[in-house]
Amino acid sequence: MSMERTRVRMLASIGWLGLLAIGVCACATPQLPEVSPATKRELVSGEALFGTEVAPADPIAIQNTSPEMERFLAPLFEIDSRRERLRQLVRHLAEVGLLNARYDERLTLSAAATLEAKAGNCLSYTNMFVTLARRLGLRARFQRVAVPPTWGIDGDLLIRSNHINAVVPNMRNTGLGQEFVMDFNYVAPESSHERWLVTDAHAFALMYANLSVDALMRGQQREAFAWLKRTLIEDPDNADHWVNLGVIYARAGATDLAEAAFTLAYRMTWRRQSAMAGLATLYRQTGDAERAHYYEEKIRRLRARDPFYHLAIGRAAYDKGAYEDALPSFRRAIQLRPRTGVFHFMKGLALLRLGDDKRGLRGLRMATRYGQVDDYALRYRSDLEEFLDVDADDPNARTIARVSSGFDLYERPGFAETRID
């Protein structure tokens, strides 16, 4: 079985743009405060922010089946072979359009709602597949994949997106290899990327965390807190969730509680970048320059080596029309990872916007050479088409048309057709 994949994202943790002002480290390792059980209880209460304790959001029926799901699966129940059952499930998903459905990164739905709406985000579609596969007796699991994170910016929030997929292990003697991976992603994760199975509680908590982040982006603080409280009930050991709690407190000016939440996150995992980002920004805002310098320098070193972080900063400038400001970020991303097409693509667009057709076209050619940029071509389709909408006798116009033909501009975003060999 081979699949065309479409790029998807999952909201995971929040930072602040204030962290972009980096200082120089000039201090020894600062001591973080101890977080007592009483302080931890106060953190998850919400009373300090809202005057009364915030009840957790009601759980949603994440994997409950519906009559529509049963009808969808009915033709598959009589198949004896696990291999054929799995193959026919994927084929059936393609036939009804669920592998070419609407992708909405802010739409987190249960399995039944995703099937009914034919819409959702990465986590929604992955959960739908896991639910359907399990209903057919297949041992489907959630799997996290350590792909380089993508970054997005929304107001004063810096949002890091990660990746999750579904795996059906122990598929020996099925013709599908040791395991079957269902990945709703345009670009298949590289085999070198670390991956690990996660519990249902971990995956469900990520869904609730998505709902919390979405509420925060809408300015609904109490709703965001309620969803995050539900998140922590499901999975209290994921440091990202405590970082998000720290951001909520910090934005409300509750600095002591924000520090406590970031400290808990920092001590939970060696993947401390988000927690350090929160501490750095918090200390900078409260005037603790020495501690701020320490964490800012650690963050600077980490982010300086992250090409996708530079891509996000460049895109934020580009989307505001600051094309000159965007170029250094795209160039730095290329220096760090020269064979990644999206960096050349964005650099090429910025140069075209600045009137440098020769170097802009060179950037687009490099993007087509390295590939895996169709999702960006779709996102910036109007930009490309603007350059195509010029005098057809202009040699530059013809060159741009030839280069742009390397991008899939006219397929709408969504899951591509699945081929079953």
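A short reminder: the numbers here are calculations on the coordinates, not readings from a lab. Model, not experiment: these values are computed from the prediction. So basically every Cβ, Gly included, is an ideal-geometry build from the backbone, and we count neighbours across all protein chains shown.
What does the charge add up to near residue 360, with Lys and Arg as +1, Asp and Glu as -1, over the other residues with Cβ less than 12 Å from its Cβ?
Details: positive: 347, 353, 358, 359, 362, 365; negative: 356, 357, 383.
Surrounding charge for residue 360 is +3.
Peptides 321-332, 241-252: what's the order by average Cβ count within 10 Å, highest mean first? Numbers along the way, then the final one.
Values: 321-332: 17.6, 241-252: 25.4.
Packing order, densest peptide first, comes out as 241-252, 321-332.
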Got the relative contact order for the stretch 201-260 handy, in percent, Cα pairs under 8 Å and 6 or more residues apart?
29 percent
I want the local charge near residue 63. Using Cβ-Cβ distances under 15 Å, sum +1 for each Lys or Arg and -1 for each Asp or Glu among the other residues.
-1
Karplus 3J(HN,Hα) series, Hz, for the stretch 73-86 with 6.51 cos²θ - 1.76 cosθ + 1.60 (x for Gly, Pro):
8, 3, x, 9, 5, 7, 7, 7, 6, 4, 4, 6, 4, 5
Return 262, 77, 225, 387 ranked ascending by Cβ neighbour count within 10 Å, so the fewest neighbours appear first.
77, 387, 225, 262
Just subtract the alpha-carbon distance of residue 386 and residue 359 from 0.36 nm times their residue separation and send over the number in nm, one decimal.
8.0 nm
Most exposed first, judged by fewest Cβ atoms within 10 angstrom, 358, 40 run 358, 40
Whose amide H sits under 5 Å from the amide H of residue 180, counting only residues 5 or more places off or on another chain, with H placed in the peptide plane?
168, 171
Quick one: Karplus J couplings for the stretch 256-269, per residue in order, coefficients 6.51, -1.76, 1.60, θ = phi - 60°, nearest Hz, x for Gly and Pro?
5, 6, 4, 4, 5, 5, 5, 5, 4, 5, 4, 7, 7, 8
If r is the Cβ-Cβ distance from residue 74 to residue 47 and R0 is 60 Å, what FRET efficiency results, to the nearest 0.05?
0.75
Taking max minus min of the Cα coordinates of the stretch 322-389 on each principal axis, largest first, gives extents in Å of 33, 24, 20
